Amino acid sequence: PEETVTSSFASFIHAVRPEHLSKTVRHRSKRMILDSIGVGLVGSTTSVFDIALQYCRELYSPVAVSSVYGKPGVKLSPTLAAFTNGVATHSMDFDDTWHPATHPSGAVLPALLAASQMLPPGTKPNGMDFLLAFNVGLEVQGRLMHFSSEAHNIPKRFHPPSVVGTMGSAAATAKLLALSTAQCGHALGIAASLAGAPMANAATQAKPLHIGNATRLGFEAALLAARGMEANPLILDDIPGCSGFSVFYSVYQPKPLSTPSDHHEFLLEKQDIAFKRFPAHLGMHWVVDAALSVRNLFINYAGSFSPSLIRTIVLKIPVSKYINRPFPSSEHQARHSFQFNACSALLDGEVGLSSFTESSIHRQELRELLDKVVVEHPEDNVANFDKMYGEVALLLHSGDVLTGKCDTFYGHWRKPLSKESLLKKFRSNASHVLPEEKIETIITMVDNLENLSDSSQL
């Protein structure tokens, strides 16, 4: 039969082998895995995670085989464990971000962790199988996003991981379960019917469900395909008059994914990942670094940070409605507010976990700074994580103007976190729920993932 885009993806998923992973891809993906586990562990301390866990424990009768982040002794059925851990990963908006824009790890890793525990003794995937499946999930997400130029900009209609993440989870789980080529294609087709979430739920407690559902529903799609369920074999193709995956994009130009050869180059080889230094929307990292820069100038100018000397705070940011929030009233709104994050950085000299507590959000001195903010949208500042910048200008009562600008924050793929910074973040996050010896065991295990005989140990 004639090869289609969909069949080419299915063939790739089925045929790719561990030896196709370069040293760079293995290194970068292990950094992603470690970071994602860390943010999942600290995310297990949040109220939205508690809601999701209670929902799963009370409303379902689980076949309890798969572990839950931060809850020793608690196990759920595999797909519900994936869902709960996905919610934990995105509960603080602390997880990694790729370009085109999505959160790739959180939609894939929880499904693979749960599936590894689900498989019976003697059939457990080893660490290299696990690493390969993880990278298959990343590759499918990246390839799908490159089918539309629309995906390159900060989203307006749907949250990308709820769409491409679901597909990535299905692909990754299908690989881990060693499904046939036909079953891999059907897994993608089934997953497409389970995908999607509107951007209107950004900055609410519902947003972490987008990641939880992506990893869970992709997992379920692979399980259904393994049990014989079929779907449209042309789901990724552009068929006039009959939308498949193209329903999510106004411009959609799919391309076949070639069967891996000895020299296959994964997208992660060409495009590194962004790791967040604090728990907020990625766009906040530009304005925070710009704010910290101008704060240092202000201290050199005045001797200390004195808000009374400031007449106006001008933020030059790209147009993006859901992260332009002048006066956020909840932690989730604060994580999606250019204004809040810039003013928090100015006032405190940092942004961290404590910045988004109820008491921090409603401080009078912070509200007074927010009152001084004016937003501008320069034409050259586009809503694109590869091209945008953040600029913070302080217009003082004296007439002087101090300006800080950031076009590449520390942690961006153009300016990656050092190994020391990544480990510091992981240890800090994991320490909220794990003792030091287990934290160090995870670090060692991920670092030597290729040599792990049973990935369910992770």
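When restricted to residues that are under 19 Å from T45 (Cβ atoms) and of a type in the set (D, E), the stretch 97-130 contains 0. All of (1) under 26 Å from the mean Cα position of the chain (by Cα); (2) assigned to a helix (DSSP H, G or I) hold for F298 with one exception: (1).
Exactly one residue out of P120, P78 is over 30 Å from K387 (Cβ atoms) and either surrounded by fewer than 24 Cβ atoms within 10 Å (Cβ to Cβ) or of a type in the set (S, T, N, Q) (or both), and it is P120. Inspection of the stretch 263-277 finds a residue satisfying the criterion of being assigned by the TED database to the domain that holds K156, surrounded by fewer than 20 Cβ atoms within 10 Å (Cβ to Cβ) and aliphatic (A, V, I, L, M).
Where helices (runs of 4 or more DSSP H) fall entirely within the stretch 323-387, those with at least 1 residues that are touching a Pro at 6+ places or on another chain (Cβ under 8 Å) and farther than 16 Å from I313 by Cβ are at 331-334, 358-361. If you go through the stretch 166-220 and keep only what is of a type in the set (V, I, T) and either within 15 Å of the chain's Cα centre (by Cα) or not assigned by the TED database to the domain that holds L236 (or both), you end up with T166, I211, T215.
Cβ-Cβ distances below 7 Å connect no pair with a first residue in the stretch 131-153 that is without any contact (Cβ under 8 Å) to a residue 24 or more places away in the chain, a second residue that is open to solvent by less than 10 Å² (accessible area, probe 1.4 Å), and a separation of six or more residues or different chains. In the set (1) assigned to a helix (DSSP H, G or I); (2) open to solvent by less than 70 Å² (accessible area, probe 1.4 Å); (3) under 17 Å from L188 (Cα atoms); (4) aliphatic (A, V, I, L, M), L234 fails one condition alone, (1).
Could you tell me whether the stretch 293-302 includes any residue that is within 30 Å of K372 (Cβ to Cβ) and among the hydroxyl-bearing types (S, T, Y)? Yes - at least one qualifying residue is present in the stretch 293-302.
For the stretch 130-150, the set of residues classified as assigned to a helix (DSSP H, G or I) and open to solvent by 10 Å² or more (accessible area, probe 1.4 Å) consists of R143, S149, E150, listed by residue number.
If you filter the stretch 9-42 down to residues that are surrounded by 19 or more Cβ atoms within 10 Å (Cβ to Cβ) and hydroxyl-bearing (S, T, Y), you find that the one that is farthest from S431 (Cα to Cα) is S11.
Restricting the first member to the stretch 402-424 and to residues that are among the hydroxyl-bearing types (S, T, Y), and the second to residues that are buried (at least 18 other Cβ atoms within 10 Å of the Cβ) and assigned to a loop (DSSP other than H, G, I, E, B), the beta-carbon pairs closer than 8 Å and six or more apart or on different chains are Y410/R277; Y410/L417; S421/R277; S421/G411.
The values are calculated or read from the model by the stated rules, or taken from the named source; none is laboratory data. Everything numeric here is computed off the predicted structure, so don't read it as measured data. As a convention, Cβ positions derive from the backbone with ideal geometry for all residues, glycine included, and neighbour counts pool all protein chains shown. Side chains included, ligands, DNA and RNA excluded: accessible areas come from the protein's heavy atoms. Shrake-Rupley method; radii C 1.70, N 1.55, O 1.52, S 1.80 Å.
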